[in-house]
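Step one of this worksheet: look at the structure below.
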Amino acid sequence: MMRLPQFHYYRPRDVDEAAQILAGEDDAMVVAGGTDLLPNMKRRQQTPRTLVALRHIDSLKKLTNGAGLTIGAGVTLTSLEQNKTVKSAYAGLWQAAAQVATPHLRNMGTLGGNICLDTRCNYYDQNHEWRKAIDFCMKKDGDICWVSTGSKKCLATSSTDTAPALIALRAEVELVSAAGRRTLPLQHLYQDDGIHYLTRRREEILTNIILPQAGATRSTYWKLRRRGSFDFPVLSVAAALEFDEHDVIADARVVLGAVASQPVVCAAVNEQLRGKGLTDEVIEDMAAACAKAAKPVKNTDFAPHWRKRAVAHVTRCALRELRGDDMRETRKKLARQSLI
Amino acid sequence: MSNTDTFSIIGKPRRRVDGADKVTGRTCFADDIILPRMLHCKLLRSHVPHARIRSVDVSRAERHPGVNLVLTGRDFPNEYGILPVSQDEQPLCRDKVRFVGDPVAAVVARDEFAAEEALDLIKVEYEPLGTISDPVDALNNPAARLHDYSEEGNIHKRLSYEFGDVEESLADSAHVFEDVFFFEGNTHLPLEQHAAVGMQEADGRITLWSSTQCPHYVHRAVAKALDIPMAHIRVIASPNGGGFGGKTDPFNHEIVVVKAAQMLGRPVKCCLNREEVFYCHRGRHPVLMKFRTGVDENGALTGMHLQTLLDGGAYGSYGVASTFYTAVLQPVTYHLPRYAFDACRMFTNKPPCGPKRGHGTVQPRFGQEVQLDKIAAKLDMDPAVLRLNIVEKPGALTANYLKIGSIGLAQCINTVTERCGWKDRYGKLPEGKGMGLACSSYLTGAGNSIYWNAMPHSGVQLKLDRSGKVTVFCGATEIGQGSDDVLVATIAEILGIDPLDIRCVTGDTDLTPVDLGSYSSRVTLMMGNAAIQAAERARGMIAQAVAEKFATDTGSIAFSNGRVFEIGQPEHVLSFRKALVCAEEMHGSLGTTGSYTPPDPPGKYKGGGVGPSPAYSYTAAVVEVDVDTETGWLTVPRVYIAHDLGRAMNPVLARGQVEGSVYMGLGEALMEESAFRRLPARLSNALVHREPSMLEYKSPTSCDMPEVITDMIEHPDDNGPFGAKEAGQGPLLPVMPALANAVYDAVGVRIDEVPITAEKILQALDDKARGGAGRVGPDSFPDIEWPEPFRVPPPWEGGDGNAVNKPARKRAAKMHEMDKFKKVDAS
């Protein structure tokens, strides 16, 4: 197997201690489940001198019901998948969590880790020897982007499943450092840059994910990938809609995953949906608008033009499901599992 | 012996003998071996695709803490390779590297970490050479030559054969169909990564443990590469965590650990990581193929001319055999009165291709079965009826002189079409839903060894003693396919004892008689026949002793349920253990041997040695598909398969082999591809495997596996043990073409290449919507200068199996290593 590089390892007991360690180290990274970071370290994509483990901090593993739901960043994807409240009130998040990687990886991987997941690119996600053979890219050790050699910016793809679902559900995240804590909408944690894809500062720890009360909001998450397990998304559509008593949309959020270096919030679509009913025509218009917003590049599985063509289809599936259409058979074909 | 009811073990579903150890983690794989004072080895692999090695500076690596030894190509003067005609590999490259991943140096250190650190300190100076990325590139750029011994330029091998005047047949045919197909390369993807441990004993003798399918061939290669007498080398095949043909070649790391163990006097282990397994490869050749097929007005074949072009990668491997296999089995499935083929293998700067499950026959089977579907559509015939009409007859001798035994293909076709409701559903399902049929045949063991010799292909030895225990020794290798179970079941059946009373020792060149290895679906038939002979000899010795005790003749002695008794004399009975006591008293220490040599093939022409097999298996499959017309998204709800395996020795295992083949076939049909990334010279000029990882090389997961409805059809073959034929490779072949044919039934487009992806289906649907042919696939076959064909008249045209001409052949460059090779053989 590939071997990890050497590093210092800290095992703080609480968030404050972790924050103190991070404040005093200039080449440190936090590690929770390690399912993303450790393979990256084996491939020498990241070689931090110090790792600060969050696994033993109990406060990060809590799910708290209040006005909404507060989920500790250290909650594993498996516990999220098994949580009844999540499944009933935040279906989109549940469907997203249940489709991350494989059961084994979900047992270790955490929600915080999936939110901070490194952006992916099939020129970058290779071991050191491969990258040496092709020559290094700007995301690590080089200065060119192999996806688009004229690009000044890294085009690596945001591949998190849970973030689009959480953004659609208007989640906020809490960040803690030795200097204090701040809360921001999850959407603002991201920026469209494959290298600097998070606005999180190096010394900050993602501690909590805060969801507002679900109320009448219905949500869903559709993931497109070649296989029914294991694979990262090549496209995902998360949608959360709130209907009034006349089945008119009071609030709408449609978010696309894996088509840019950050989750893409379809603002125009969300504006247009408000005040409308989900008629076939509206769904068609929205599907076309989402397809327009998606700008996939050639760095994942499947060709970009096909992924772009698929956006309309998957968006339509998501909206029809929220309308109440029976989409079980379509879901089974696309996801290779039932997700019910 | 034609009725399962007369057997007590054969044909009965049982737990496999090695099953409990495997599911409880007790099986000791090569990577599990830990020996006192053992060191660890890592290989430095080339990061350039084609270059001359100017220099290798290992001085810094040698000084690195924890490093015991650094080896380079200069430490290994001899070439090796699996086939005597392509001894073109070096344990570590001396002068040239030929693909990204070709090893140039090895570090042996106290642990893998130290060895890896030291790899970074080795400085290799390369002089870049022209890079060949595919066969057409290779044909166009003969100057950038990978091997001096190739026929010319980068043409490794060309073959040309004519069995009757095909052009005449085509001219007289009612219809002639011309189609070009492409089958993309793919790899074996065994879960266990290759690993080897080399050890030197105090007296200088060598032991090598390795996850190999062919310890005997590794034994020969190590002897030749390192000039060690074969008698001083012991190769132990550790249980393989999957092979599929990927562990049938001798590999660099196996030879390197032996050399290092010799030099250091300490055990040395080398475990490959997943990327390195992709670089070892020996997987499915990418093959471009062109079929010109004549049929009469009823769809019966009149003649076929097949041309194939193989992308061989950087080394010979089994390539010459693979090249033959892209053509020789075509006449075995359906009756073909006249047949001609040309086949050509090219060298390219990629990991070498070789034998993968279905070795070379998979690609042309895809082409022929899709073409038959097109023929049926054109003639407005039911594809099942068209095939039933032309199934070859049992006992036939084909146009290219392959002798067939039993053929259960018609029953296979009838079974799958009945199961799936073919008559009511084929061609009648709603848009987007479809079903497709395809058939195939496969060898049950290659009729010839990879090196010419007149010795047995498999040997089995039995040791029996007063404890009541039987120990069976055989060189066959358990690679997960269940060969240990077949061996034990065969012995237990004949001696009438419990499999638990048999200890099985396999795959150890010091202890076990030679068996050529677990490849070409040969083990059940060849080892099985050898085991029957050994067991029958033992039974004879025991019967003689027991007959004397009961004062009767040996013909009256029977063996059953752990008892040896006189038929019709209930009181004349001994336990098997007591019978062994009698036998040991009469004969002294008890032991027998058995061996198996395949029958001489009827084809006497040069090259006629590839294709003959003691028996051929037959398969038919129907694949159902569901295609979304907006995206091309493809779902496979169900696969029906019927496989004529002669006899299911253990139906549980046989079913596993058939369904495992369906799984692997679906992977090849839907997603697997050994794709490469070529960057232009103005950039990095790289040629790399696109995604050498288990995440990005897509292979189906359990979620992607459809329901499989399996029927095992038993047409016993006279040459098979209890009538058994193979089950591990043949059932893979029909899956890919059946799926392609189902896509046509569903949405009316032809995908004439694999893998068949949503993107390609959508492309074909777009093409069709624009008024095009609705096809995705290769357009043409390149012009290749073929040699004069060997002309062999078919048996029904007065042929006797010899060629009637003597075509001049450009001789491959004489390889100086050949002499050394013979020397080792003699020792």
Quiz item: Looking only at residues in the stretch B:746-776 that are assigned to a loop (DSSP other than H, G, I, E, B) and crowded, with 18+ Cβ neighbours inside 10 Å, which one is nearest to the other protein chains (Cβ to nearest Cβ)?
Solution: B:Thr757
Exercise. Of all residues in the stretch A:147-163, count the ones that are free of Cβ contacts under 8 Å to residues at least 24 places away in the same chain and within 26 Å of the chain's Cα centre (by Cα).
Key: 2
Quiz item: For the stretch B:122-139, which residues satisfy the criterion of being under 17 Å from B:Val688 (Cα atoms), of a type in the set (A, V, I, L, M) and assigned to a helix (DSSP H, G or I)?
Solution: B:Ala138
Quiz item: Only one of these conditions is not met by B:Asp626: (1) more than 19 Å from B:Val486 (Cβ to Cβ); (2) touching a Lys or Arg at 6+ places or on another chain (Cβ under 7 Å); (3) in a strand (DSSP E or B); (4) more than 10 Å from chain A (Cβ to nearest Cβ). Which number is it?
Solution: (4)
Practice problem: Restricting attention to helices (runs of 4 or more DSSP H) lying wholly within the stretch B:269-335, give those where 2 or more residues are within 14 Å of another protein chain (Cβ to nearest Cβ), farther than 24 Å from B:Leu170 by Cα and hydrophobic (A, V, I, L, M, F, W, C). | Solution: B:274-280
Quiz item: What do you reckon, is B:Leu429 touching a helix residue (DSSP H, G or I) at 6+ places or on another chain (Cβ under 9 Å), outside the structural domain of B:Thr512 (by TED's automatic domain parsing), modelled with pLDDT of 95 or more and within 25 Å of B:Pro250 (Cβ to Cβ)?
Solution: no
Quiz item: If you scan the stretch B:21-70, which residues turn out to be within 14 Å of chain A (Cβ to nearest Cβ), under 18 Å from B:Val256 (Cα atoms) and of a type in the set (Asp, Glu)?
Solution: B:Asp31
Quiz item: Can you name the residue in the stretch A:131-146 that is more than 12 Å from chain B (Cβ to nearest Cβ) and assigned to a loop (DSSP other than H, G, I, E, B) and, of all such residues, is farthest from A:Val297 (Cα to Cα)?
Solution: A:Asp143
Quiz prompt | Selection within the stretch A:303-340 - closer than 17 Å to B:Thr629 by Cα, within 8 Å of chain B (Cβ to nearest Cβ) and in contact (Cβ under 8 Å) with a residue 40 or more places away in the chain | solution = A:Ala310, A:Leu334
Quiz item: Are there any pairs, at least 6 apart or on different chains, whose C-beta atoms fall under 7 Å, with the first in the stretch A:1-12 and within 30 Å of B:Glu192 (Cα to Cα) and more than 8 Å from chain B (Cβ to nearest Cβ) and the second assigned to a strand (DSSP E or B) and at pLDDT 95 or above, and if so, which?
Solution: A:Phe7/A:Thr50; A:Phe7/A:Leu51
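Every residue, every condition in (1) part of a loop (DSSP other than H, G, I, E, B); (2) more than 23 Å from the chain's Cα centre (by Cα); (3) within 14 Å of another protein chain (Cβ to nearest Cβ), yes or no:
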{"position": "B:Pro637", "(1), (2), (3)": "no, yes, yes"}
{"position": "B:Ala648", "(1), (2), (3)": "yes, no, no"}
{"position": "B:Gly660", "(1), (2), (3)": "no, no, no"}
{"position": "B:Leu666", "(1), (2), (3)": "no, no, yes"}
{"position": "B:Ala669", "(1), (2), (3)": "no, no, yes"}
{"position": "B:Ala681", "(1), (2), (3)": "yes, yes, yes"}
{"position": "B:Val688", "(1), (2), (3)": "no, yes, yes"}
{"position": "B:Leu695", "(1), (2), (3)": "yes, yes, yes"}
Exercise. List the number of the failed condition for A:Thr300; all other conditions in (1) within 14 Å of chain B (Cβ to nearest Cβ); (2) modelled with pLDDT under 95 hold.
Key: (2)
Practice problem: Go through the stretch B:368-401 residue by residue and tally those that are farther than 26 Å from B:Gly447 by Cα and in a helix (DSSP H, G or I). | Solution: 17
Practice problem: Would you mind listing the strands (runs of 3 or more DSSP E) fully within the stretch B:150-247 where at least 1 residues are aromatic (Phe, Trp, Tyr), over 21 Å from the mean Cα position of the chain (by Cα) and modelled with pLDDT of 95 or more? | Solution: B:155-163, B:175-183, B:206-210
Quiz item: Can you name the residue in the stretch B:697-734 that is touching a residue at least 60 places away in the same chain (Cβ under 8 Å), assigned to a loop (DSSP other than H, G, I, E, B) and charged (D, E, K, R) and is also farthest from the other protein chains (Cβ to nearest Cβ) among such residues?
Solution: B:Asp718
Practice problem: Would you please name the residue that is farthest from the other protein chains (Cβ to nearest Cβ), looking only at residues in the stretch A:74-127 that are of a type in the set (S, T, N, Q), within 17 Å of the chain's Cα centre (by Cα) and within 21 Å of A:Lys332 (Cα to Cα)? | Solution: A:Thr78
Exercise. Of all residues in the stretch A:229-248, count the ones that are over 18 Å from the mean Cα position of the chain (by Cα) and crowded, with 20+ Cβ neighbours inside 10 Å.
Key: 1
Quiz item: (1) away from chain A (no Cβ under 14 Å); (2) under 20 Å from B:Asn273 (Cα atoms); (3) assigned to a helix (DSSP H, G or I): which one isn't true of B:Glu116, the others all being true?
Solution: (1)
Quiz prompt | Candidates B:Pro49, B:Pro142, filtered to the one that is under 27 Å from A:Phe136 (Cβ atoms) and in a loop (DSSP other than H, G, I, E, B) | solution = B:Pro49
Practice problem: Inspect all residues belonging to the stretch B:502-517 and state whether any of them is in a loop (DSSP other than H, G, I, E, B), buried (at least 24 other Cβ atoms within 10 Å of the Cβ) and touching an Asp or Glu at 6+ places or on another chain (Cβ under 8 Å). | Solution: yes
Quiz prompt | B:Gly632 vs. criteria at positive phi, in contact with a helix residue (DSSP H, G or I) (Cβ under 9 Å, 6 or more places away or on another chain) and touching a residue at least 24 places away in the same chain (Cβ under 8 Å) | solution = yes
Quiz item: Considering A:Ala178, A:Ala216, which residue is more than 15 Å from the chain's Cα centre (by Cα), more than 14 Å from chain B (Cβ to nearest Cβ), among the hydrophobic types (A, V, I, L, M, F, W, C) and within 23 Å of A:Val254 (Cβ to Cβ)?
Solution: A:Ala216
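The values are calculated or read from the model by the stated rules, or taken from the named source; none is laboratory data. A quick note: this is a predicted structure, and the numbers were derived from the prediction, not measured. Cβ sites come from the backbone with ideal geometry, for glycine too, and all protein chains shown count toward neighbours.
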